[in-house]
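A.B. asks: After the structure tokens below, expect a handful of questions from me.
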Amino acid sequence: MTTTVDQDMVSRHGGVLESGAPGAATQNACKLCSPLGAAMVFKGIRNCLPFLHGSQGCATYIRRYLISHFREPVDIASSSFSEDDAIFGGARNFGAGVENVIRQYEPELIGVATTCLSETIGENMLGMIGDYQREHAGDGPPLVHVSTPAYLGSHVDGYHAAVKAVAAQFVAEPASRDAGRVNLLPAMVSCADLRHLRELCGMYGLKATILPDYSETLEGESWDAYHRISPGGTPLEDVRGMGGSAATLELGHSQAEVKDTAAGWMEKQFGVRRHALGWPLGVRHSDQFFTSLSEISGRRMPAEIEGQRGRLVDSYVDAHKYISGKRAVVFGDPDLVIALAAFLSEIGIRPVICATGSKARKWRELLAAEIEGGGEDVEILPESDHARISELAREAQPDLLVGSSKGYPLARELGVPLVRIGFPIHDRFGAQRMLSVGYRGTQELFDRVVNALLEAKQENSETGYSYL
Amino acid sequence: MSQEQDIQILEARADQVWTKGKGGELACDRKSTAGSVTQRACAFCGSRVVLYPIADALHIVHGPIGCAVYNWDIRGSLSSGPQLHRNSFSTDLAEREVIFGGEKKLKAALVELIEANRPKAAFVYSTCIVGLIGDDVEAICKGVTRETGVECIPVDSPGFKGTKKSGYQAACEAAYRLVGTGDTSKIPKHAINLLGEFNIAGEAWMIRDYFKRIGIEVVATITGDGRVDELRRCHGASLNLVQCSGSMAHLAKMLKEHHGIPMQRVSFFGFEDTASALYAAAEHFGDPELMRRAEQVVREEISKYAPKIKDYRKRLKGKKAALYVGGAFKAFSLVTALRALGMKTVLAGTQTGSAEDYGQLKEICDPGTVIVDDSNPLELAKFVLEKDVDLFIGGVKERPIAFKLGVAFCDHNHERKIPLAGFEGMLHFAEEVARSVLSPVWKLAPRRSRPVIPEEPSNHHAGS
């Protein structure tokens, strides 16, 4: 090797970054871009193909990121802008692209999301979609459009905007109300979470329409034939019928602060009662979720779920001495961070730093309200990045990190465990199957947290006890 | 019922698919068909990939957050020192900057990051938005260079400018700004540059070691384990060995035109190609002692790994492979390397091969082999089924196509963490292939667990 090592440039810990004062640059972002969120939603509708109007790199990057997390095919079309299209508009590419998608994929729905490029040149999406509808006069699949420039909001906003766009376009005036049906609008939870949420509704005798439901499209079986579009997802028919459901459960604390969400819109339009809830993570927030299910179904909590709750509380007691007083750094999507902070507070772990790269309404207040004794000693960092998180974490010396794989360099530097949750998880296997909602999911998350701390203690002990 | 027959090639792409023995031409070097779900990325991605491994430079993406975030520390390029390149810096443009311009923010971001990290140079990547709002990135770079003393170099890489290939060109232009500014007085007579070697999993270190043993100094690896100062003095080398020709051809051309350095296309993948590359360098200097040592290195290395590879060959013989990679040069080497393992390539495709590349690829492939340019998941699935392949070689985006159909997979992309170059790399490659192809899990995969309906005799059997 002929290279010389400039010692100044190597971080003390062989880690990555030393600097990180808040400033003009975003350093190691704690968010992704909005079309990714929209693409996730489109992946959760049956036979839907996502289509990004812009340069093809956007689609390719997002595909690769999603594939690395879910390990499933993720086909996202692009109108493949060239320089000419950027100058003269991409209508021609859009038209040709949609036709090619129909020819290749025979989709039941094409989910069109814009990009920074098409938004900045002011593409007339509604006009182009109108042209398509005229030409097809009812024979082609419908197109749904959501505006997702990355310079406005993050993947979280793209996700919610797409849910809203799909609902607003397809949910129809109901002929009657079905007391046995409930709408569920989750956030970017895992595939296992989606399956469990459906199961829980079912235990209350409620059939859930989940928008989006990518539990199968992004965690499918091994195939015996090739599927152009992965099987699974919520049928458009079911989306149309959401107006006739008994109620809508909408997850996410900060979403509850927004009036015109998909659930808010359905309530106003069709009188479907909106239950704006936090993520059902931890005992308290799961309690609220199950209370809503009881209210909607008129049924008491099934004995099986009561058992899950009881066992969870029992495990809290059994493990509390291992974790009490520990300090955690939590980062990720705004509503996930709130839910995690609430959960950690509930089990006696102090979430000393809570950070998100996104912007959410009243996030600081909502978060502080979930932390035992208020959040005065807690660093609450909205619109932050990993450089800032790392800088504060070096001072705070936490016992563990809770968040996505992107926290690994910091965990390695500090020599503390990282409990992986959220997106992306690119350095562990089975992110799709990680359960963390409901009492059962909380139990799994709780065990992961406790065991991460036990393992750290064991690893760092000189004696190396096998009995803890 | 054969499912592959349901998948039709789009009309607009029909001439980008070619089967050896069936005649016709293969079209390439054209824009991707809208809506085809191309596996290609954009110009920005191309620039970012090529310059990424320059470890003591600051890389800042000027644009909204998406472009910066998807390539944060995902690649396997290693650095022996600084790790600055593994960060993701972005101006994270918001709506107000899109309306009023992002120059101020770029300047503040650059100054702040340079002060905090003291890099040897800074690369500023333009994204689609910057191409549209008309920020004068060049002027900002000049100003900050003056202010900080750290050279700031614009990379003209808005995504819509084209495929990765256009981005490679922009990256070469940017890198070239550093060339010729360093001291070359201590560079010996027998000195070369390695272009298009990105030190994935330490590959450049292995290759540099071969040259050290031969007695040839490597001035700069461009850009694997790269350093700004190496780029500054790389014009002092006497020969450029160019791997991954698509990405670095332009830089090699400039070095030839302006500094008179000859170039030679090589590959360090597989025994044969690695040996040829070492011999080519040794021969260039016309010193028989160098050639003697090169032969010795090749002999030593091959004798170390050949027996094990022979063993794998026995177990892999007759298996069929599909490959879909970025550039064509990698494809040639893979066809040869697979042959060395007793395997046959039945599908070879690239994202951005040129007519010249495909000409060579056509020559080395067996009759019946399908060659495809700028393909997409459905086409690739169709060929995997039609050809009943046992192994797919590609990147992360191709992996689920193979796995869903119960087909083995080998990652040959920049994200991998296993060195596949050089003599030792060939053993890793064999291990990688064998680990997947010979795994018992396929017996349970639905598509492989029932008897495969024999394929109708087609002309690709005729040639074997």
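The values are calculated or read from the model by the stated rules, or taken from the named source; none is laboratory data. Because the structure is predicted, anything quoted here is derived from the model rather than measured. For neighbour counting, all protein chains shown are included, and Cβ atoms are generated from backbone atoms with ideal geometry for every residue, glycine included.
A.B. asks: If you go through region A:372-380 one residue at a time, do you hit one that is under 18 Å from A:Q255 (Cβ atoms) and out of contact with any Lys or Arg (no Cβ under 8 Å at 6 or more places or on another chain)?
C.D. replies: First, pick out the residues of region A:372-380 that are under 18 Å from A:Q255 (Cβ atoms): none.
There is no residue in region A:372-380 that is under 18 Å from A:Q255 (Cβ atoms) and out of contact with any Lys or Arg (no Cβ under 8 Å at 6 or more places or on another chain).
A.B. asks: Ok, one more. Report, by residue number, each residue of region B:8-26 that is in a loop (DSSP other than H, G, I, E, B) and under 17 Å from B:Q39 (Cα atoms). Break it down stepwise before answering.
C.D. replies: The first filter runs over region B:8-26 and keeps only residues in a loop (DSSP other than H, G, I, E, B), leaving B:8-10, B:20-26.
Within region B:8-26, B:I9, B:L10 qualify.
A.B. asks: Would region B:303-314 turn up any residue that is closer than 28 Å to B:M263 by Cα and surrounded by fewer than 21 Cβ atoms within 10 Å (Cβ to Cβ)? Spell out how you get there, then give the answer.
C.D. replies: So the first thing to find is which residues in region B:303-314 are closer than 28 Å to B:M263 by Cα, and the list is none.
No: region B:303-314 contains no residue that is closer than 28 Å to B:M263 by Cα and surrounded by fewer than 21 Cβ atoms within 10 Å (Cβ to Cβ).
A.B. asks: Among the residues in region B:39-55, are any within 7 Å of another protein chain (Cβ to nearest Cβ) and either assigned to a helix (DSSP H, G or I) or more than 26 Å from B:A249 (Cβ to Cβ) (or both)?
C.D. replies: Yes, some residue in region B:39-55 is within 7 Å of another protein chain (Cβ to nearest Cβ) and either assigned to a helix (DSSP H, G or I) or more than 26 Å from B:A249 (Cβ to Cβ) (or both).
A.B. asks: Search region A:85-120 for residues being surrounded by 20 or more Cβ atoms within 10 Å (Cβ to Cβ) and part of a loop (DSSP other than H, G, I, E, B), and hand back the single one that is farthest from the other protein chains (Cβ to nearest Cβ). Quick ask: steps written out before the conclusion?
C.D. replies: We begin by selecting, within region A:85-120, every residue surrounded by 20 or more Cβ atoms within 10 Å (Cβ to Cβ); these are A:85-86, A:90, A:93-94, A:97-98, A:100-101, A:104-105, A:107, A:109-120.
From the residues that got through so far, the ones that are part of a loop (DSSP other than H, G, I, E, B) too are A:90, A:107, A:115.
Details: A:G90: 8, A:P107: 11, A:T115: 8 Å.
Among them, the one singled out is A:P107.
A.B. asks: Another question, then. Quick one: which of B:I54, B:I65 is in contact with a Leu (Cβ under 8 Å, 6 or more places away or on another chain) and under 23 Å from B:Y176 (Cα atoms)? So that I can check it myself, show each step before the final result.
C.D. replies: Working: B:I65 fails: under 23 Å from B:Y176 (Cα atoms).
Answer to the check: B:I54.
A.B. asks: Taking A:D131 and the conditions (1) surrounded by fewer than 17 Cβ atoms within 10 Å (Cβ to Cβ); (2) within 11 Å of chain B (Cβ to nearest Cβ); (3) in contact with a Gly (Cβ under 8 Å, 6 or more places away or on another chain), which numbered condition does it fall short on, given that it satisfies the others?
C.D. replies: Evaluating A:D131 over (1) surrounded by fewer than 17 Cβ atoms within 10 Å (Cβ to Cβ); (2) within 11 Å of chain B (Cβ to nearest Cβ); (3) in contact with a Gly (Cβ under 8 Å, 6 or more places away or on another chain) leaves (2) as the failure.
A.B. asks: Within region A:281-356, considering only helices (runs of 4 or more DSSP H) that don't extend past its boundaries, which have at least 2 residues that are touching a Pro at 6+ places or on another chain (Cβ under 6 Å)? Walk me through how you get there before you give the answer.
C.D. replies: Values: elements: A:283-297, A:303-323, A:334-347.
In region A:281-356, A:283-297, A:334-347 are the helices (runs of 4 or more DSSP H) which contain 2 or more residues that are touching a Pro at 6+ places or on another chain (Cβ under 6 Å).
A.B. asks: Can you report the number of residues in region A:20-49 which are assigned to a loop (DSSP other than H, G, I, E, B) and either out of contact with any strand residue (DSSP E or B) (no Cβ under 7 Å at 6 or more places or on another chain) or at positive phi (or both)?
C.D. replies: Quick first cut of region A:20-49, residues assigned to a loop (DSSP other than H, G, I, E, B) only: A:20-25, A:28, A:30-33, A:44, A:46-47.
Restricting the remaining residues to those that are either out of contact with any strand residue (DSSP E or B) (no Cβ under 7 Å at 6 or more places or on another chain) or at positive phi (or both) gives A:20-24, A:28, A:31-33, A:47.
Number of matching residues: 10.
A.B. asks: Let me ask something else about it. Based on what the data block shows, is B:S88 at the interface with chain A (Cβ under 9 Å from one of its Cβ atoms), surrounded by fewer than 19 Cβ atoms within 10 Å (Cβ to Cβ) and among the polar types (S, T, N, Q)? Quick ask: steps written out before the conclusion?
C.D. replies: On the way: at the interface with chain A (Cβ under 9 Å from one of its Cβ atoms): yes; surrounded by fewer than 19 Cβ atoms within 10 Å (Cβ to Cβ): no; among the polar types (S, T, N, Q): yes.
Judged against the criteria, B:S88 is not a match.
A.B. asks: So if I check each of A:R428, A:R440, A:R420, which one is more than 14 Å from chain B (Cβ to nearest Cβ) and touching a strand residue (DSSP E or B) at 6+ places or on another chain (Cβ under 6 Å)? Reasoning before the result, please.
C.D. replies: Working: A:R440 fails: touching a strand residue (DSSP E or B) at 6+ places or on another chain (Cβ under 6 Å); A:R420 fails: touching a strand residue (DSSP E or B) at 6+ places or on another chain (Cβ under 6 Å).
From the options A:R428, A:R440, A:R420, the qualifying one is A:R428.
A.B. asks: I'd like to verify a number: residues in region A:52-77 that are in a strand (DSSP E or B) and either of a type in the set (D, E, K, R) or within 7 Å of chain B (Cβ to nearest Cβ) (or both), how many?
C.D. replies: Summing the residues that are in a strand (DSSP E or B) and either of a type in the set (D, E, K, R) or within 7 Å of chain B (Cβ to nearest Cβ) (or both) in region A:52-77 gives 1.
A.B. asks: Are there any pairs, at least 6 apart or on different chains, whose C-beta atoms fall under 6 Å, with the first in region B:434-446 and more than 14 Å from every other protein chain (Cβ to nearest Cβ) and the second part of a loop (DSSP other than H, G, I, E, B) and of a type outside the set (A, V, I, L, M), and if so, which?
C.D. replies: B:V437/B:K319; B:V437/B:D390
A.B. asks: Oh, and also: I'm checking my understanding of the structure. Among residues of region A:422-460 that are surrounded by fewer than 23 Cβ atoms within 10 Å (Cβ to Cβ), in a loop (DSSP other than H, G, I, E, B) and touching a residue at least 24 places away in the same chain (Cβ under 8 Å), which one is farthest from the chain's Cα centre (by Cα)?
C.D. replies: Here the answer is A:H426.
A.B. asks: Restricting attention to region B:273-281, does a residue exist that is under 18 Å from the mean Cα position of the chain (by Cα), surrounded by fewer than 23 Cβ atoms within 10 Å (Cβ to Cβ) and within 30 Å of B:L380 (Cβ to Cβ)? Talk me through it step by step, then tell me what you get.
C.D. replies: To start, the set of residues in region B:273-281 that are under 18 Å from the mean Cα position of the chain (by Cα) comprises B:273-274, B:277.
Now narrow it down to the ones that are surrounded by fewer than 23 Cβ atoms within 10 Å (Cβ to Cβ): B:273.
Filter once more, keeping what is within 30 Å of B:L380 (Cβ to Cβ): B:273.
Scanning region B:273-281, I find at least one residue that is under 18 Å from the mean Cα position of the chain (by Cα), surrounded by fewer than 23 Cβ atoms within 10 Å (Cβ to Cβ) and within 30 Å of B:L380 (Cβ to Cβ), so the answer is yes.
A.B. asks: All but one of (1) in contact with a Ser or Thr (Cβ under 7 Å, 6 or more places away or on another chain); (2) within 14 Å of chain B (Cβ to nearest Cβ) hold for A:L143, so report the exception by its number.
C.D. replies: Condition (1) is where A:L143 drops out.
A.B. asks: Could you check region B:59-74 and list, in sequence order, the residues that are over 22 Å from the mean Cα position of the chain (by Cα) and assigned to a loop (DSSP other than H, G, I, E, B)?
C.D. replies: Passing the criteria: B:G63, B:P64, B:I65.
A.B. asks: Pick out the one residue from A:S286, A:S297 that is touching a residue at least 40 places away in the same chain (Cβ under 8 Å), of a type in the set (S, T, Y), in contact with a Phe, Trp or Tyr (Cβ under 9 Å, 6 or more places away or on another chain) and buried (at least 24 other Cβ atoms within 10 Å of the Cβ). If you could, list the steps in order and put the result at the bottom.
C.D. replies: Details: A:S297 fails: buried (at least 24 other Cβ atoms within 10 Å of the Cβ).
Exactly one residue qualifies, and that residue is A:S286.
Residues are listed down the side, and each one gets a yes or a no for (1) under 30 Å from B:V335 (Cβ atoms); (2) among the β-branched types (V, I, T); (3) at pLDDT 95 or above:
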position: B:T181; (1), (2), (3): no, yes, yes
position: B:L194; (1), (2), (3): yes, no, yes
position: B:V219; (1), (2), (3): no, yes, yes
position: B:L239; (1), (2), (3): yes, no, yes
position: B:A252; (1), (2), (3): yes, no, yes
position: B:H259; (1), (2), (3): no, no, yes
position: B:M263; (1), (2), (3): yes, no, yes
position: B:S276; (1), (2), (3): yes, no, yes
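A.B. asks: I would also like to ask the following. Somewhere in region A:221-244, is a residue touching a Phe, Trp or Tyr at 6+ places or on another chain (Cβ under 8 Å), crowded, with 23+ Cβ neighbours inside 10 Å and part of a strand (DSSP E or B)?
C.D. replies: No, because not a single residue in region A:221-244 is touching a Phe, Trp or Tyr at 6+ places or on another chain (Cβ under 8 Å), crowded, with 23+ Cβ neighbours inside 10 Å and part of a strand (DSSP E or B).
A.B. asks: Restricting the search to region B:53-73, which residues are surrounded by fewer than 24 Cβ atoms within 10 Å (Cβ to Cβ) and either on the phi < 0 side of the Ramachandran plot or touching a Cys at 6+ places or on another chain (Cβ under 8 Å) (or both)?
C.D. replies: Step one: of region B:53-73, the residues surrounded by fewer than 24 Cβ atoms within 10 Å (Cβ to Cβ) are B:71-73.
B:N71, B:W72, listed by residue number.
A.B. asks: Continuing with the same structure: Checking the conditions here, which among B:I140, B:I153 is more than 8 Å from chain A (Cβ to nearest Cβ) and either closer than 17 Å to B:L251 by Cα or polar (S, T, N, Q) (or both)? Break it down into steps so the answer makes sense when it comes.
C.D. replies: On the way: B:I140 fails: either closer than 17 Å to B:L251 by Cα or polar (S, T, N, Q) (or both).
The unique qualifying residue is B:I153.
A.B. asks: Answer with yes or no whether B:T38 is on the phi < 0 side of the Ramachandran plot, of a type in the set (S, T, Y), buried (at least 22 other Cβ atoms within 10 Å of the Cβ) and in contact with an Asp or Glu (Cβ under 7 Å, 6 or more places away or on another chain). Outline the logic, then answer.
C.D. replies: Working: on the phi < 0 side of the Ramachandran plot: yes; of a type in the set (S, T, Y): yes; buried (at least 22 other Cβ atoms within 10 Å of the Cβ): yes; in contact with an Asp or Glu (Cβ under 7 Å, 6 or more places away or on another chain): yes.
Considered against the rule, which asks whether it is on the phi < 0 side of the Ramachandran plot, of a type in the set (S, T, Y), buried (at least 22 other Cβ atoms within 10 Å of the Cβ) and in contact with an Asp or Glu (Cβ under 7 Å, 6 or more places away or on another chain), B:T38 comes out as yes.
A.B. asks: Moving on to the next point. For A:E99, which of the numbered conditions (1) modelled with pLDDT of 95 or more; (2) under 17 Å from A:S55 (Cβ atoms) fails to hold?
C.D. replies: Here A:E99 clears every test but (2).
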